[in-house]
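See structure below.
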Amino acid sequence: MDCVERAKEIRRLTLECIASIGVGHIGGSLSIVDTLAVLYTKHMRVDPSNPKMKGRDRLVMSKGHAGPALYATLASFGYFPKEELKTLNKIGTKLPSHCNMNLTTGVDMTTGSLGQGISCAVGLAIGSKIAKDKARIYCVIGDGESQEGQVWEAVMLATQMKLNNFTLFVDNNKMQIDDLTENVVNMEDYEKKFKAFGFNAIRVDGHNLEEIDGAIDKAKKCKGKPTAIILDTVKGKGVKFIEETGVGNHSMPFSAEQLENALKELM
């Protein structure tokens, strides 16, 4: 399955996952799907049949509320049966609303308290350098999350430690839980900020698979510093009525009827 088809499947599975409980973090899940499709299809050195493989690449979903997109990705690649996606956030589930490494096969770090995931990811990258296992560590933060001071403490440490094995994705969908990010704390210009902090910084269309792929390739070749890939995305990407909901799609009701209509759009 190529990246295009993989992204379609991950979107479909994400929607089915959230529809199974009728409400969820749908906007920020859909905005990061294309990056997950490219990462797992073309770049990450992992083995779904051996999810604890030593020296594997790791992904930390620091914006842990996008767990449904990560769960859909992992199920698409065979980490666990796709049918399990319908247990999202239900009693006894292995798929909680936010990512939990102790419950979900393939999840490399528990996240959800915004700002903490990136710190854990930087720690993983340092550990990989010490172990000399050549693993690459990838991390996804949200643009609203980037308002947390802890994010920039981690960024400074990543630069200090010259973590060229660390790639950070900023899901810049320009919305957060209750408003546009520019109306809460305007963090632009991301590219200039990350360069000022010593990162290699690349800005791409976060829904253009070729641009995402090329940026990851550049990150792998970068010497002596970590890379930040700023993804200009649309919250709720792929389904028009979800996109048009705007800020309200951060967490929204999602019925079986809406799922049926959404899936038709994805065909």
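Just so you know, all these numbers are worked out from the coordinates, no wet-lab data involved. The structure presented is a predicted model; accordingly, all values stated were derived computationally and were not measured. Heads up, the Cβs are rebuilt from the backbone with ideal geometry, glycines too, and the neighbour counts pull from every protein chain shown.
Against the chain, whose longest principal axis comes from its Cα atoms, helix 116-131 is set at around 50 degrees.
For the stretch 70-217, what Kirkwood radius comes out of the mean inverse Cα-Cα distance, in Å? Numbers along the way, then the final one.
Working: mean 1/r = 0.0593 Å⁻¹.
Hydrodynamic radius (Kirkwood, Cα only) of the stretch 70-217 equals 16.9 Å.
Take the Cα radius of gyration of the stretch 179-239 and divide it by 2.2 N^0.38 Å, N being the number of residues; the result is 1.25.
Each helix, a run of at least 4 DSSP H residues, gives -39500 (n - 2.57); summed and divided by the residues of the chain, these come to -11500 deg cm²/dmol at 222 nm. Seen against the Cα atoms of the chain and their longest principal axis, helix 67-76 is set at about 90 degrees. Based on Cα contacts under 8 Å between residues 6+ apart, the stretch 105-251 shows a relative contact order of 24 percent. Once both labels are positioned 7 Å from their Cα atoms along Cα-to-Cβ, the gap between residue 134 and residue 54 label points is 1.5 nm.
Among 188-196, 158-166, what's the highest-first ranking by average C-beta atoms within 10 angstrom per residue? Provide the component values of the computation, followed by the final result.
On the way: 188-196: 15.1, 158-166: 20.4.
The peptides rank, most packed first, as 158-166, 188-196.
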